[in-house]
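Data block below; observations after.
The values are calculated or read from the model by the stated rules, or taken from the named source; none is laboratory data. The structure displayed is predicted, hence computed values, not measured ones. Ideal geometry is used to build each Cβ from the backbone, glycine not excepted, and the neighbour counts take in all protein chains shown.
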Amino acid sequence: MQEQTEIGAHIPIRTQQVVNTASVSHRSPFRYPGGKTWLVPTIRAWLDGLDYRPSHLIDPFTGGGIVPLSALFDDRVDEIVLVELDQEVAAVWQTIIDDPTWLVAQIEAFEINLDTVRAVLASEPTTTEERAFRTIIKNRTQRGGILAKGASLMKTGEKGKGVASRWYPQTLAKRIRAIHTYKDRITVYAEDGLPIIAKYISLPTAAFFVDPPYTAGGKRAGSRLYNHNELDHEALFDLMAAVQGQFMMTYDNAQTVIDLSEERNFTLEKIPMKNAHHRQMYELLITNQAI
Ligand SMILES: C[S@@+](CC[C@H](N)C(=O)[O-])C[C@H]1O[C@@H](n2cnc3c(N)ncnc32)[C@H](O)[C@@H]1O
């Protein structure tokens, strides 16, 4: 296999100030695998550089949703559209927008230990809000916040606190209430992201942040992290070639993705990121904007 650093050697590296992600406010109730907190400053700069204020920022693969939430809280866009196919994740967004009263009460009252966590994880939710609560518990107690089938519970966790080591009920309650105050400016779809992109295809004031699951290049990271990881990337690229608004997509640095982009004359940049082993890695930024 080609060395990751050799792929896309001709693609310019986006130079930007090194940003301390601690300066990015944590708006999301999720700790999300593959979450893009580190990209928020780049997205801010991209939004600020557009020659229109987006009426809608559409995130067709929302996950933890840190990018659209930040744009909304910073008042850089009028509305955000959150799309997530995983019904467990989507239930959290739906509940926060509809009425999070019950969810917040459950979070605040939860007495966390291995037995209570196991009982919630084994339960079969009958309502969207029950599903949302189970997702929050899973996300806070499973290793790496991974919600995909087969993920395991944290054993020792931080400071030997086990399953409770990532449980911050007051912080979660605060974030959920804060998001709910923006409910009139948030639309949630528990659906496939592609038809929702198509819905906004002709809106010139739309902007799209696109961070799909990706499993090419033999790494298959996406299949371990998410329940939904199969995607028709070609169809996604064809859709993005037809949108009237501006978009920013992020992908692993992989030759197939570079080919799909170059075939459509998209603009490619590489952005440095550190992987878990502190090796220099690049992620691709793809836009329909000339640089
Ligand atoms: C790379 S993650 C997004 C991470 C997100 N940008 C964040 O910062 O937290 C991709 C997400 O897309 C979701 N997904 C996968 N296939 C989808 C589809 N066809 N439509 C909508 N969402 C999908 C996955 O469940 C996962 O949550």
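Being hydrophobic (A, V, I, L, M, F, W, C), on the phi < 0 side of the Ramachandran plot, within 12 Å of the ligand (Cβ to nearest atom) and surrounded by fewer than 19 Cβ atoms within 10 Å (Cβ to Cβ) holds for only one residue in L231, L225, and it is L231. The single condition among (1) within 16 Å of the ligand (Cβ to nearest atom); (2) touching a residue at least 60 places away in the same chain (Cβ under 8 Å) that I107 does not satisfy is (1).
Look at (1) surrounded by fewer than 17 Cβ atoms within 10 Å (Cβ to Cβ); (2) within 16 Å of the ligand (Cβ to nearest atom); (3) in contact (Cβ under 8 Å) with a residue 12 or more places away in the chain and you find that A178 fails only one, number (2). Picking from residues in the stretch 49-87 that are near the ligand (Cβ under 8 Å from one of its atoms) and assigned to a strand (DSSP E or B), the one that is farthest from E230 (Cα to Cα) is D59. Restricting to the stretch 234-255, and then to whatever is farther than 20 Å from I13 by Cβ and not aliphatic (A, V, I, L, M), can you tell me which residue is farthest from the ligand (Cβ to nearest atom)? So the residue we want is Q244. Filtering the stretch 228-250 to residues that are closer than 25 Å to Q87 by Cα and not in a strand (DSSP E or B) leaves H228, N229, E230, L231, D232, H233, E234, A235, L236, F237, L239, M240.
For K149, the conditions (1) assigned to a helix (DSSP H, G or I); (2) over 22 Å from K199 (Cα atoms) are fulfilled apart from (1). When we screen K155, K138, K161 for residues that are within 16 Å of the ligand (Cβ to nearest atom) and either farther than 30 Å from Q246 by Cβ or within 23 Å of the chain's Cα centre (by Cα) (or both), the only hit is K138.
Exactly one residue among W46, W93, W102, W38 is out of contact with any strand residue (DSSP E or B) (no Cβ under 7 Å at 6 or more places or on another chain), more than 9 Å from the ligand (Cβ to nearest atom) and in a helix (DSSP H, G or I), and that residue is W102. Tell me whether the stretch 116-123 contains one or more residues that are assigned by TED's automatic domain parsing to the domain that holds H228, away from the ligand (no atom under 16 Å from the Cβ) and either surrounded by 13 or more Cβ atoms within 10 Å (Cβ to Cβ) or among the aliphatic types (A, V, I, L, M) (or both). No, the stretch 116-123 contains no residue that is assigned by TED's automatic domain parsing to the domain that holds H228, away from the ligand (no atom under 16 Å from the Cβ) and either surrounded by 13 or more Cβ atoms within 10 Å (Cβ to Cβ) or among the aliphatic types (A, V, I, L, M) (or both).
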